[in-house]
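The values are calculated or read from the model by the stated rules, or taken from the named source; none is laboratory data. Not measured: the values here are computed from a predicted model. Cβ placement follows ideal geometry from the backbone for every residue including glycine, while neighbour counts extend to all protein chains displayed. Surface accessibility is based on the protein's heavy atoms, side chains included, excluding ligands, DNA and RNA. Shrake-Rupley method; radii C 1.70, N 1.55, O 1.52, S 1.80 Å.
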Amino acid sequence: QVQLVESGGGLVQPGGSLRLSCAVSGSIFSILLMGWYRQAPGNQRELVAHSTSGATTRYADSVKGRFTISRDNAKNMVYLQMNSLKPEDTAVYYCNAYSSTLMNYWGQGTQVTVSS
């Protein structure tokens, strides 16, 4: 089992920045992939960014150059630095872990609202 707890969401003006954090606990050794997803009202959940255990990263085209995913393995943390935020980035953001047992784990989500 893997437990994920997100924090860091909130209200920010367009052009602003936020950093989301995800605390990871449990069977950390089994995790192959860590990522961030988001879901806006009326939309499907979509991948924002993910990072393999080898630190290879992948980003959605809509966030490339603005968002950065990073991992602190010593602290069992995953971060999403979001810069140049746009109103269309407004969504609930979820931390995700994919394990070697082919299980997907999700956090409870954190709301990000970009509005003036």
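Odds and ends about this structure:
- Dipole size of the stretch 5-106 about its Cα centre, with +1 on Lys/Arg Cβ and -1 on Asp/Glu Cβ: approximately 140 debye, rounded to the nearest 20.
- Each of Glu6, Glu46 has its accessible area taken with a 1.4 Å probe; listed largest first, they run Glu46, Glu6.
- For the stretch 61-106, the fraction of 1.4 Å probe accessible surface lying on carbon and sulfur atoms is 50 percent.
- Heavy-atom accessible area per residue - the chain, 1.4 Å, Å²: 53 Å²
- The figure for Met103 is an accessible area of roughly 90 square angstrom, using a 1.4 Å probe on the protein chains alone.
- 17 Å cut-off, amide nitrogen to a point 7 angstrom out along Val5 Cα→Cβ, residues in the stretch 101-116: 106-111
- Which of Tyr79, Tyr93 is most accessible, then next, and so on - probe 1.4 Å: Tyr79, Tyr93
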